[in-house]
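Here the structure comes first, spelled out in structure tokens, and everything after it is commentary.
We did not get these values from a lab; they are worked out from the coordinates using the rules stated. Owing to the predicted nature of the structure, the values given are computational and were not obtained by experimental measurement. Cβ coordinates were reconstructed from backbone atoms using ideal geometry, including for glycine residues, and neighbour counts include every protein chain displayed.
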4 protein chains.
Amino acid sequence: MSIEQKAIEARVADGFKRANFIVDLGIEATACGAGWVEAEMPILPRHLQQGGFVHAGVQSTLADHTAGAAAATLLDEGFSLLTIEFKVNLLRPALCDTLQCRAEVLKPGKQVCVVESEVFAINNGEKRLFSKTMVTLAVLPVAATLPR
Amino acid sequence: MSIEQKAIEARVADGFKRANFIVDLGIEATACGAGWVEAEMPILPRHLQQGGFVHAGVQSTLADHTAGAAAATLLDEGFSLLTIEFKVNLLRPALCDTLQCRAEVLKPGKQVCVVESEVFAINNGEKRLFSKTMVTLAVLPVAATLPR
Amino acid sequence: MSIEQKAIEARVADGFKRANFIVDLGIEATACGAGWVEAEMPILPRHLQQGGFVHAGVQSTLADHTAGAAAATLLDEGFSLLTIEFKVNLLRPALCDTLQCRAEVLKPGKQVCVVESEVFAINNGEKRLFSKTMVTLAVLPVAATLPR
Amino acid sequence: MSIEQKAIEARVADGFKRANFIVDLGIEATACGAGWVEAEMPILPRHLQQGGFVHAGVQSTLADHTAGAAAATLLDEGFSLLTIEFKVNLLRPALCDTLQCRAEVLKPGKQVCVVESEVFAINNGEKRLFSKTMVTLAVLPVAATLPR
């Protein structure tokens, strides 16, 4: 494994473990490279909405956080990211044991970064796409992304 | 209190209590009427992202669920809702003890409903807006919103 | 060419020619199939914004209309479409002689349809992506999509 | 009229007159102040889609451009704006003689600016809202917003 790939993996792992809400939901990174990250989470009863489907907020959290991690793989030292906005299309109600996500950077940038996230489950070897999200992130000096 | 207002309150309360993820996050409805709902949640360490701010996924969950509840106040018997899509603009990093949300129906409909949600905190009597979300929901017969 | 392909082409051509604003901008369909449409337009000085780039509104029109056409290729007789919402990410300022668009249906549906559109130019044989749009359309009986 | 108000009006007028596509559509600014702009356009047959309603692309152009102008009223000298993304909810099909728009800055910023635009018509003294748009703009040195 290249030094760069090791650095990417360390950065991604760090970005998941230090985020309380991500740990609380059980979301973990499973693979990554320059410009992309994959993550997954086990779906438990506490993740559901009133109808018994995975809550849109769970899908959005997974999509947004994985997108931020994908953008972070391309970031210069000393910089960090904050999500400016995202838009999620929920294509069908989500029902599964494990929710997966793949985020890919569509447009890196020095000021703004755009990432696409797909949230899906694999069922009998087939990919079932539940939602697709476009995320815009601001690139900022690390200090600007921490509480004062 | 009118019979209609009682029915609205019962429906809204039900929509929050039966959603596991909402209960898990600690989100509760605080006020409602025809076409609008207010909700709030205490912010705990487990709701934060890596920088120490409230995670965008927490804000989105609050915004989306409260929007759905607002739309539900205008729904005919026998119908339910599923979020089709939403878009959230995160205006500034969120730091607070209690996160509040007010959702108002912008356009009710027999097939599609559009709702605006604002997520904010009150600090020293002043409203600090953290995010604004536009939510589109599909109106469906109840059976179509439940797992088969 | 199959009868179905002929019917798709006729429907798509019709959807571009009967839309005044599309004819006015010079947008034409160039290829199509079940679930996708490609279109293009020549960029003239009148399509630019104050900086000299293609106006975002031009890109949005091209993306939205081509998306509607892609959704229409999958529509049952007697039904038509109205755009409910779309979100466009403008990835870089657009400068070109000919703007192209490819729209693909991400999720067909009896009530709601979701389509992705990419707007780009081909420069020296290379694709330059200017914007990506997610479009949600309502499927309605034809009469509901015409002025009363 | 204050010097500041005069400067705002001059800047807004300039931003509409120098944009070819805006002149071509017939869009004109009608009022403005610090953080907001109003604009309108006459609806002609060439602005319609296939069903006879105002094309979504026309509404989007009006919403996006007026939003940019609203953000520009708060800009420091030497800076300009580019739209990063916008999302429009089309609430009902638009049918009218004159389309109006009011854009208000929701969150100004040194790097990113968020603006809301409402597109509507006044009919018999009553406001009919056709669409609502959230626009995110990047604040950039003027040179970065011009073709190289």
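For residue D:130, the amide hydrogen comes within under 5 Å of the amide hydrogens of D:119, D:120, D:121, counting only partners 5 or more places away or on other chains and with H modelled in the peptide plane. A 24 angstrom limit on the alpha carbon distance is what I want to check against. Which of A:107/C:127; C:6/C:87; A:132/C:110; A:87/C:6; A:107/D:132; C:87/C:107 exceed it? Beyond 24 Å between Cα atoms: C:6/C:87; A:87/C:6; A:107/D:132. Segment D:67-136 and segment B:61-96 have their alpha-carbon centroids 22 Å apart. The modelled label-to-label distance between residue A:127 and residue A:140, using points 7 Å beyond Cα along the C-beta direction, is 3.3 nm. What is the sum of charges around residue B:132, taking Lys and Arg as +1, Asp and Glu as -1, for the other residues whose C-beta is under 13 Å from the C-beta of residue B:132? Charge balance in the 13 Å sphere: +2.
A simple spin-label model places the labels of residue B:4 and residue A:104 5.1 nm from each other, with each point 7 Å out along Cα-to-Cβ.
Cβ-Cβ distance of residue A:74 and residue A:28, R₀ of 30 Å, FRET efficiency by 1/(1 + (r/R0)^6): the value works out to about 0.90. Helix B:3-17 and the longest principal axis of the C-alpha atoms of chain B enclose an angle of approximately 60°.
Say R0 is 22 Å: what FRET efficiency, to the nearest 0.05, do residue D:44 and residue C:44 get from their beta-carbon distance? The pair residue D:44/residue C:44 has a calculated efficiency of 0.75. Residue by residue, segment C:37-47 carries 3J(HN,Hα) couplings of 9, 10, 9, 8, 8, x, 8, 10, x, 6, 8 Hz when phi is fed to the Karplus relation 6.51 cos²θ - 1.76 cosθ + 1.60 (θ = phi - 60°); x denotes Gly or Pro. To the nearest 10 degrees, how steeply does helix D:56-72 sit against the main Cα axis of chain D, on a 0 to 90 scale? Here the helix axis deviates by roughly 30 degrees.
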